[in-house]
1. Expected output is a single nm value to one decimal: the length gained when fully extending between residue 163 and residue 86, i.e. 0.36 nm times separation in residues minus the C-alpha distance. What is it?
2. Along Cα→Cβ, 7 Å out, is where each label goes; now give me the distance between the ones at residue 70 and residue 35 in nm to one decimal.
3. Roughly how many nanometres apart are two label points built 7 Å out from the Cα toward the Cβ at residue 98 and residue 245?
4. Roll a 1.4 Å probe over the protein chains and send me the accessible area per residue for region 206-252 in Å².
5. Which residues' amide hydrogens lie under 5 Å from the amide hydrogen of residue 127, considering only partners 5 or more residues apart or on another chain, with H built in the peptide plane?
6. Please give me the summed charge of the neighbours of residue 214: other residues whose Cβ is under 15 Å from its Cβ, Lys and Arg +1, Asp and Glu -1.
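The values are calculated or read from the model by the stated rules, or taken from the named source; none is laboratory data. Everything numeric here is computed off the predicted structure, so don't read it as measured data. Quick reminder, even Gly has a Cβ in these numbers, built from the backbone with ideal geometry, and neighbours come from all protein chains shown. Just the protein is used for accessible areas: all its heavy atoms, side chains included, with ligands, DNA and RNA removed. Shrake-Rupley method; radii C 1.70, N 1.55, O 1.52, S 1.80 Å.
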Amino acid sequence: MKMRLSQGWLVAALACSAMSIALPARAGMFDDEEARRAIIDLRDKSTAFQATAAQRIDQNSRAVQDLQNQVEQLRSEVARLRGDNEVLQNDVQTLQKQVKDYYKDLNDRVARFEPQKVSVEGQEGMAQPAEKDTYDAALKQFRDGDFKGAGSAFSGFIQKYPQSPYTPLAQFWLGNALYAQRDYKGSTTVLQNMVQAYPTHAKVPDAMIAIANNQAESGQKAAARRTLEQVVSRYAGTTSAKAATERLKTLK
């Protein structure tokens with residue numbers, strides 16, 4: 001009996017021992033499987049992540065490339081706009097210069113026809129540009145010895161520009177042109193009108209001497225002498241007074 005109990009205990013002990021050995025082995029096999037699955041899962045996740053990351057990198061690269069292309073396009077557009085702006089600025093400057101030149105030319109043309117303030121032999125007044133040209137043309141005729149043509153030109157000037165500052169001179173030279181044509185009476189009338197209308201004019205003393213010459217040529221020597229004496233007394237010390245004095249010496 002005692003032998004059987006010992007054998008049974010021994011068998012039980014061996015069975016427990018075998019179970020204790022088998023359990024760790026099976027537990028070890030279970031841990032390896034889970035680890036393998038975990039590794040596979042991690043590998044799959046890593047692969048998926050890498051694929052996703054690569055896709056995102058590719059997308060970002062394309063986006064960056066697109067942005068770079070857009071930046072280059074914008075740079076090109078900015079450069080083109082700058083070029084266009086420079087062209088426009090040059091065009092504006094050219095146009096402004098053309099407008100400025102146009103108005104200057106226009107003002108110059110208008111000024112040729114607008115009266116301007118002038119001073120002629122101390123006689124101030126407004127004169128049209130054409131007045132001087134007409135006067136100068138008549139005076140040239142006189143100096144060239146065309147007394148008849150000069151007389152007509154000065155007479156026409158006086159009628160056309162009665163208020164001109166050149167009118168006193170035109171009357172003076174008209175009187176001299178008539179004298180040269182031996183029209184002493186007409187010359188005297190013109191010169192006396194000039195002296196009366198412009199008593200302070202610089203040519204008045206010379207006009208009076210011309211009147212005296214008309215009077216002398218007409219046989220009015222006494223009147224001529226009185227006229228010359230007036231010049232000497234009124235304009236003493238002047239060239240005209242000296243000329244009147246010399247003329248008195250020759251007047252007999």
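1. 22.1 nm
2. 5.2 nm
3. For the pair residue 98/residue 245, the computed spacing is 7.0 nm.
4. Ligands and nucleic acids excluded, the figure is 56 Å² per residue.
5. Under 5 Å from the amide H of residue 127 lie the amide H atoms of 116, 117, 118, each far enough along the sequence or on another chain.
6. Neighbourhood net charge equals +3.
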